Amino acid sequence: MRFRRPSPVVVDLVVVAVALFDIWVNVDPAEPVRLGCALGGAVALLLRRRLPLITFLLALPAVLVSDAAFATLAALYTLASLTRRRWLLAGCALAFTIADMAPWPAPKFDLSEPSTLITLSYTAATAAAPVFLGQLVQARRDLSLRLAEISEARDHERLLTAQTVLAKERAQLAREMHDVVSHQVSLIAVRAGALQVGTQDAEVKEAAATIRRLSVQTLDELRHMVSVLRAAGGRPTELTPQPSLAELERLVSGSGIEAELQPDLPDGLPPTVQRAVYRTVQEALTNVRKHAPGASARVRIHRQGGTVRVTVTNTAPTRPALPLPSAHYGLVGLRQRAALLGGTVTSGPTADGGYELRLELPAAGS
């Protein structure tokens, strides 16, 4: 039986209940200031998922005036599991340590006493525990996301490999049909035509005409089948529409990342130029998703004089990228495609830690 995780609302209510129990054990109801600060920290835990830092700040006074520390520790754990700012976590842990070591209204903080140093070490360790636990949960969450992305990428790669093998087999079959079968059927049609012209026998003439007609029909069907197989094998034919600029919006919206498209191109660009632009944007967005997790991208396409310019820029990644297997052929293929059309592809990092890929092509193609 698979364990079902409780809903976040139930978890939050349980955390608040534990914080109230901590107040009931450690705070005297006859002290309204201490009781009010402790209750405020416990109630603030309801905001910990949306406003973790504010929740910690609201719960911190409870540690300063009382011994009810659970709410503050829970808020510190939530903050550590949601933020990536290490300096903020260090400051919050230090604030908890100071508040716990210097209780209000009569702080006692004498470092000359050995017992004070022992208490300080214990309090600092208590503050560090939820920080480390929260960072561990955050790392586990990031790792789960990356593993899901890797699994999706492998499935996609496996599908592409299967499609490539199938395309090669179909292309080979198309060549065999064109070079062997079509040639032999053509010979049959020619010989049948010669027999039809050369014979005087009416029955033989009719049979030859039938053979010739059926051979011509078979040739037409073979040509159609060859064109279908070549189209399935990756040949650019009318049966396999190649990507154009009209499909860029769907490509960007379905890229799986936050991307903005800024197209400014006239109609009538050659199909080869449109395909090169499409493939460049496709490869750039794939690289952003693979090597810059959490980054956003901007795709700008415009025509300046007789040159089409494409710029794909992404921001710095928000999560560390895991090393993935790659043959590094993507950019090489883009450069080769651009060179065949008389253009260039350049790429490199940006000043803010992102990356930029630029394509320049003659608008008329090559």
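Subtracting the Cα-Cα distance of GLU206 and SER121 from 0.36 nm times their residue separation leaves 19.8 nm of extension gain. Sequentially through region 208-215, phi angles give Karplus couplings (6.51, -1.76, 1.60; θ = phi - 60°) of 5, 5, 5, 4, 5, 5, 5, 5 Hz, Gly and Pro residues having no value and appearing as x.
Restriction of the chymotrypsin sites (Phe, Trp or Tyr not before Pro) in region 1-77 to DSSP coil positions whose beta-carbon has at most 12 other beta-carbons within 10 angstrom yields PHE3.
I want to make sure I understand the PRE zone here: with the label point 7 angstrom from the Cα of GLU249 toward its beta carbon, which residues in region 287-303 have backbone N atoms less than 18 Å away? Inside the label zone: 298-302. Count Lys and Arg as plus one, Asp and Glu as minus one, and take only other residues whose Cβ is under 12 Å from that of ARG358; the net charge is then +1. With an a/c value of 1.5 or above and a/b not larger than b/c for the gyration tensor axes a ≥ b ≥ c computed over the alpha-carbon atoms, region 8-109 is described as oblate. Evaluate E = 1/(1 + (r/R0)^6) for LYS290 and ASP264, where r is the Cβ-Cβ distance and R0 equals 30 Å; express this FRET efficiency to the nearest 0.05. Rounded to the nearest 0.05, the efficiency is 0.60.
If I take R0 = 45 Å and measure r between the Cβ atoms of ALA30 and ARG146 in this structure, what FRET efficiency does the formula 1/(1 + (r/R0)^6) give, to the nearest 0.05? For ALA30 and ARG146, the calculated efficiency is 0.25.
None of the figures in this text is laboratory data; all of them are computed from the coordinates on show. Since we're looking at a predicted model, the values are computed, not measured. Because the Cβ atoms are built from the backbone with ideal geometry, glycine has one as well, and the counts that use them run over all protein chains shown.
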